[in-house]
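The values are calculated or read from the model by the stated rules, or taken from the named source; none is laboratory data. Bear in mind the structure is a predicted one, so any value in this text is a computation, not a measurement. Don't worry about glycine lacking a Cβ; one is built from the backbone with ideal geometry, like all the others, and counts go over all protein chains shown. In case anyone asks, the SASA skips ligands and DNA or RNA and just uses the protein heavy atoms, side chains included. Shrake-Rupley method; radii C 1.70, N 1.55, O 1.52, S 1.80 Å.
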Amino acid sequence: MTAPAFTPLASGFSFLEAPRWHDGRLWLSDFYTHRVLTVDLAGRVETVAEVPQQPSGLGWLPDGRLLVVSMRDRRLLRREADGTLAVHADLAGIAGGHCNDMVVDAQGRAWVGNFGFDLMGGAPPQRATLARVDPDGRVHAAAHDLCFPNGSAITPDGRTLLVGESFGNRVSAFDIAPDGSLGPRRDWATFAPLPTATDFIGVLGQLAIAPDGCTLDAEGCLWIADAIGQRVVRVREGGEIVQALSTAPLGVFACALGGDDGRTLFLCVAPDFDEHARSAAREAQLWSVRVDVPHAGWP
């Protein structure tokens with residue numbers, strides 16, 4: 001594992017998630033200041049939306065309107081042309097915990113993960129259901145029995161959805177049918193057996209990699225933020241780790257490829273993911289590093 005010379009782009013955040021390169025800027029959510037931000041390559045920060053119930057996953061409809069996951073009230077919001085936020089979908093009937101990361105495809109279909117249980121309240125881990133939200137706001141249960149579905153990506157042909165399961169030691173793959181329904185789950189990459197512990201601390205102790213935010217490249221590899229390993233890893237289908245970049249002593253919880261040529265890897269780093277510690281401090285940072293293979297697919 002190497003420790004390259006990362007370039008700090010911006011700092012002073014609570015906890016950054018869901019970075020997306022779009023329209024020449026990086027868009028991302030800052031959980032505990034309840035803001036959706038943009039950051040350009042000079043490090044200039046702009047607030048583009050305020051989400052009182054905590055923003056997470058980001059994506060865009062084909063007409064350019066921004067979709068934002070509102071975590072605590074389990075809703076998907078839509079930013080209109082005048083900057084106001086409207087409810088695009090209510091996910092409370094599917095989500096078993098806070099809604100979290102999301103990927104939106106070229107048709108405007110959004111796949112939204114959720115915790116599945118009260119993570120920050122110390123509840124025992126439970127399996128979760130992945131939601132699909134159609135462009136008109138209709139909500140469907142897309143896949144069941146997932147171990148904390150988190151960062152997700154869609155292949156460039158639009159036919160395969162990859163879902164990182166943070167508490168499952170795996171990335172799962174699903175074929176996407178023309179109507180948006182998903183085929184059976186299959187392993188895209190596995191890093192260790194499924195945890196058998198029934199408590200949060202026990203599950204953490206059985207994880208080899210906790211896949212968090214992720215981004216696809218043009219060689220079909222997936223860059224994955226390892227939420228427990230203080231590293232970002234580049235993984236081939238099948239589970240081979242072909243590159244690992246250490247962020248120690250900080251953790252890394254999301255990543256995105258972007259920049260004008262798609263070869264800048266952006267990293268969202270912070271000391272940990274503890275809600276109480278992160279909401280009380282402004283220690284999260286945005287880093288970047290150049291890589292050889294450019295971005296592909298969604299987000």
**Request:** Return yes or no: is Gly137 out of contact with any helix residue (DSSP H, G or I) (no Cβ under 6 Å at 6 or more places or on another chain), without any contact (Cβ under 8 Å) to a residue 40 or more places away in the chain and not hydrophobic (A, V, I, L, M, F, W, C)?
**Result:** no
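Let me confirm something: among Val112, Val104, which residue is crowded, with 18+ Cβ neighbours inside 10 Å, touching a residue at least 60 places away in the same chain (Cβ under 8 Å), closer than 23 Å to Trp223 by Cβ and not basic (Lys, Arg)? Even if it seems obvious, please write down each step before you answer.
On the way: Val112 fails: touching a residue at least 60 places away in the same chain (Cβ under 8 Å).
One residue alone meets the criteria, Val104.
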**Asked** Could you say whether any residue in the stretch 130-140 is of a type in the set (A, V, I, L, M, F, W, C), over 14 Å from Gly59 (Cβ atoms) and not in a loop (DSSP other than H, G, I, E, B)?
**Response** yes
**Asked** Any idea which residue in the stretch 204-242 is most open to solvent (accessible area, probe 1.4 Å), counting only those that are within 23 Å of Gly57 (Cβ to Cβ) and of a type in the set (Lys, Arg)?
**Response** Arg231
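Quick one: in the stretch 67-81, which of the residues that are of a type in the set (D, E, K, R) and part of a loop (DSSP other than H, G, I, E, B) is surrounded by the most Cβ atoms within 10 Å (Cβ to Cβ)?
First, the residues of the stretch 67-81 that are of a type in the set (D, E, K, R): 72-75, 78-80.
Retained after the next criterion (residues that are part of a loop (DSSP other than H, G, I, E, B)): 72-74, 80.
Details: Arg72: 14, Asp73: 16, Arg74: 22, Glu80: 11.
Checked the stretch 67-81; the qualifying residue surrounded by the most Cβ atoms within 10 Å (Cβ to Cβ) is Arg74.
How many residues does the stretch 77-93 contain that are without any contact (Cβ under 8 Å) to a residue 12 or more places away in the chain and not aliphatic (A, V, I, L, M)?
Keep residues of the stretch 77-93 that are without any contact (Cβ under 8 Å) to a residue 12 or more places away in the chain, which gives 82, 84, 86.
Filter again for not aliphatic (A, V, I, L, M), leaving 82, 84.
Going through the stretch 77-93 one residue at a time, the tally reaches 2.
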**Complete:** Going through the stretch 265-274 in order, the residues found to be in contact (Cβ under 8 Å) with a residue 60 or more places away in the chain and farther than 16 Å from Ile228 by Cβ are Phe266
**Request:** Confirm whether Thr190 is modelled with pLDDT of 95 or more and touching a Lys or Arg at 6+ places or on another chain (Cβ under 9 Å).
**Result:** yes
**Request:** Please identify the pairs in which a residue from the stretch 54-76 that is within 14 Å of Arg20 (Cβ to Cβ) has its Cβ atom under 7 Å from the Cβ atom of a residue that is part of a strand (DSSP E or B) and of a type in the set (Asp, Glu), counting only partners at least 6 apart or on another chain.
**Result:** Ser56/Glu17; Ser56/Asp101; Gly57/Asp101
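Please go through the stretch 39-66 and give me each residue that is of a type in the set (A, V, I, L, M, F, W, C) and not in a strand (DSSP E or B), ordered by number. Before the answer, list the steps.
At the first step, the residues of the stretch 39-66 found to be of a type in the set (A, V, I, L, M, F, W, C) are 39, 41-42, 45, 48-49, 51, 58, 60-61, 66.
Hits for the stretch 39-66 are Leu41, Ala42, Val51, Leu61.
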**Request:** Answer with yes or no whether Phe167 is modelled with pLDDT of 95 or more and under 18 Å from the mean Cα position of the chain (by Cα).
**Result:** yes
**Asked** Say we look at the stretch 1-59 and pick out the residues that are surrounded by 13 or more Cβ atoms within 10 Å (Cβ to Cβ) and of a type in the set (Lys, Arg); which of these is nearest to the chain's Cα centre (by Cα)?
**Response** Arg20
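Counting only residues that are of a type in the set (D, E, K, R) and touching a His at 6+ places or on another chain (Cβ under 9 Å), which one in the stretch 70-97 is farthest from Phe148 (Cα to Cα)?
Initially, the stretch 70-97 is screened for residues of a type in the set (D, E, K, R), giving 72-75, 78-80, 82, 90.
Next, from what is left, pick out any that are touching a His at 6+ places or on another chain (Cβ under 9 Å): 72, 74-75, 78.
On the way: Arg72: 16, Arg74: 15, Arg75: 18, Arg78: 24 Å.
Checked the stretch 70-97; the qualifying residue farthest from Phe148 (Cα to Cα) is Arg78.
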